[in-house]
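The values are calculated or read from the model by the stated rules, or taken from the named source; none is laboratory data. On a predicted model such as this, the values are computed, not experimentally measured, just so you know. Cβ atoms come from the backbone with ideal geometry, glycine included; neighbour counts cover every protein chain shown.
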Amino acid sequence: MANKLNIDLSKCVGCGACESACPFGAISLKDGKAAVNAETCRFCGSCVQACPVSAITMQKEEVKDAVDKSLYKGVWVYAEQRHGEISSVVYELLNKGSELAKTLNVSLSAILIGSNISAKAQDLINRGADKVYVYDDPILAEFQDDPYSCILADLIKEEKPEIVLMGATNIGRSFASRVAAKIYTGLTADCTALEIDPETRNLMQTRPAFGGNIMATILTPRHRPQMATVRHKVFKEAKVQEGRTGEVINKTVDAQKVINRTKFIGFFKDQTADVNISDADIIVSGGRGLGNPEGFKLIKELADLLGGAVGASRAAVDSDWIPYSHQVGQTGRTVAPKIYIACGISGQIQHMVGMSSSDTIIAINKDKDCPMMQTATYSLVGDLYEIIPAIIKEIKNIKG
Ligand SMILES: Cc1cc2nc3c(=O)[nH]c(=O)nc-3n(C[C@H](O)[C@H](O)[C@H](O)COP(=O)(O)OP(=O)(O)OC[C@H]3O[C@@H](n4cnc5c(N)ncnc54)[C@H](O)[C@@H]3O)c2cc1C
């Protein structure tokens with residue numbers, strides 16, 4: 001059966017609400033009654049909701065599952081590590097993962113791939129993993145997409161988890177898509193919320209869409225596992241429970257199955273990556289309101305006095321006033337500090353999605369009505385070039 005839109009012409013009053021609601025221009029009034037163009041209709045249901053007299057109904061296509069979903073059980077977290085250091089987003093995913101596993105009444109597993117990393121398995125158990133699958137082999141010393149994705153895809157085929165979560169880091173972003181493609185399942189990148197639909201057991205994966213103007217909830221209803229990457233700092237880290245017990249499953253790498261089309265030459269650390277605003281407790285951020293790159297000297301002076309880090313809006317980054325590693329927002333970092341001080345930043349949605357979880361937001365802006373001032377815990381109305389020096393002076397007085 002295919003999707004079908006039915007219009008009951010005896011009920012239709014020709015009000016045109018459906019025509020205005022259709023985002024695809026697929027429905028219009030003909031002789032005073034609604035008429036649908038079956039070729040352009042995308043069956044989104046907007047007209048059904050908009051019709052005030054319930055004249056439009058939709059018959060949804062019955063789509064069969066692509067796999068036997070009952071065979072897939074368990075929540076997995078990919079325990080990303082680099083040179084033996086577990087990425088902190090993993091602990092955040094273990095926290096959310098254990099909540100999802102509890103709702104589904106299944107176990108939570110972590111997957112650790114690398115060299116000389118077996119000792120880290122207990123850290124993952126202490127943070128909530130019930131099982132840890134470990135691939136510890138010198139050939140895995142440096143992260144490379146090909147071998148890592150071969151290993152994870154094979155393990156997924158073997159063990160059949162229903163959910164696989166990864167950090168939306170540089171590694172996670174490039175790696176997750178390769179794994180998803182190998183196992184023919186969907187992947188939702190950059191999620192900001194994850195919930196379980198109790199009726200279907202589907203993972204509801206929410207992320208900003210259309211340039212951050214709406215939040216879209218995406219499902220993987222027919223395929224398994226359901227894969228999602230999640231940004232750093234979206235969830236709180238799982239607490240450490242010393243001495244927690246769990247199962248460690250040591251796996252061996254089948255070198256014949258591991259394909260590698262690239263050659264590792266060397267690892268060069270990005271120097272700007274030292275600016276780790278994601279972990280700072282206090283962030284002082286500057287935006288276009290600074291007017292020029294020199295303004296960041298003032299921002300840095302305040303940040304240094306408070307023991308914080310310097311953040312920026314994309315407008316400031318795009319103007320080449322400060323490197324990208326400082327950018328907060330949808331296409332920058334997600335941060336959740338105790339105090340976020342936004343100086344000359346208007347608070348467009350793409351900036352807000354990256355910092356709205358901050359405990360306390362202080363905004364300094366000339367425009368008392370801009371979104372940042374409306375959202376802030378404390379709003380200081382005025383010229384930042386008067387307010388920030390006054391704050392700096394006061395802090396220096398207090399510090400002596
Ligand atoms: C797909 C997409 C992704 C994006 N991703 C991001 C992102 O990751 N991060 C991000 O920040 N933006 C992002 N943007 C851009 C975003 O939409 C805004 O353009 C940007 O955040 C605006 O930066 P701003 O607040 O610094 O500048 P503006 O919006 O121009 O605001 C400047 C503010 O400074 C105030 N001001 C001016 N002079 C002074 C003064 N002397 N004292 C005090 N206040 C003053 C003004 O009142 C104003 O409120 C994205 C946009 C798109 C389309």
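If you go through segment 5-52 and pick out every residue that is among the aromatic types (Phe, Trp, Tyr) and in a strand (DSSP E or B), you end up with 0. In segment 300-329, the residue that is farthest from the chain's Cα centre (by Cα) out of those that are polar (S, T, N, Q) and surrounded by fewer than 21 Cβ atoms within 10 Å (Cβ to Cβ) is Ser319. So for segment 362-380 (the condition being β-branched (Val, Ile, Thr) and farther than 23 Å from Pro293 by Cβ), does at least one residue qualify? Yes, segment 362-380 contains at least one residue that is β-branched (Val, Ile, Thr) and farther than 23 Å from Pro293 by Cβ. Taking Ala376, is it within 14 Å of Gly287 (Cα to Cα) and among the hydrophobic types (A, V, I, L, M, F, W, C)? So Ala376 does not fit the description; no.
In contact with a helix residue (DSSP H, G or I) (Cβ under 7 Å, 6 or more places away or on another chain) and surrounded by 17 or more Cβ atoms within 10 Å (Cβ to Cβ): is that true of Ile339 in this structure? Criteria not met by Ile339.
Among the residues of segment 247-299, those that are surrounded by fewer than 10 Cβ atoms within 10 Å (Cβ to Cβ), of a type in the set (D, E, K, R) and at pLDDT below 90 comprise Lys269, Asp270, Asp274. The single condition from (1) in the same structural domain as Ser115 (by TED's automatic domain parsing); (2) at pLDDT below 95; (3) surrounded by 15 or more Cβ atoms within 10 Å (Cβ to Cβ) that Cys41 fails is (1).
For every residue, the table says whether it meets (1) under 22 Å from Val134 (Cα atoms); (2) of a type in the set (D, E, K, R); (3) touching a residue at least 24 places away in the same chain (Cβ under 8 Å); (4) in a strand (DSSP E or B).
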| residue | (1), (2), (3), (4) |
| --- | --- |
| Glu199 | no, yes, no, no |
| Met215 | no, no, no, yes |
| Met227 | yes, no, yes, yes |
| Glu237 | yes, yes, yes, no |
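Restricting attention to segment 175-197, the residues that are hydrophobic (A, V, I, L, M, F, W, C) and not in a helix (DSSP H, G or I) total 7.
When segment 167-181 is filtered for residues that are modelled with pLDDT of 95 or more, of a type outside the set (Gly, Ala, Ser) and within 19 Å of Ser109 (Cβ to Cβ), only Val179 remains. The strands (runs of 3 or more DSSP E) located wholly in segment 54-166 that include 1 or more residues which are modelled with pLDDT under 95 occupy 56-59.
Residue check: Glu237 meets all listed conditions (1) within 11 Å of the ligand (Cβ to nearest atom); (2) touching a helix residue (DSSP H, G or I) at 6+ places or on another chain (Cβ under 8 Å) but one, namely (1). If you go through segment 309-333 and keep only what is within 13 Å of Pro293 (Cα to Cα) and of a type in the set (S, T, N, Q), you end up with Ser313, Ser319.
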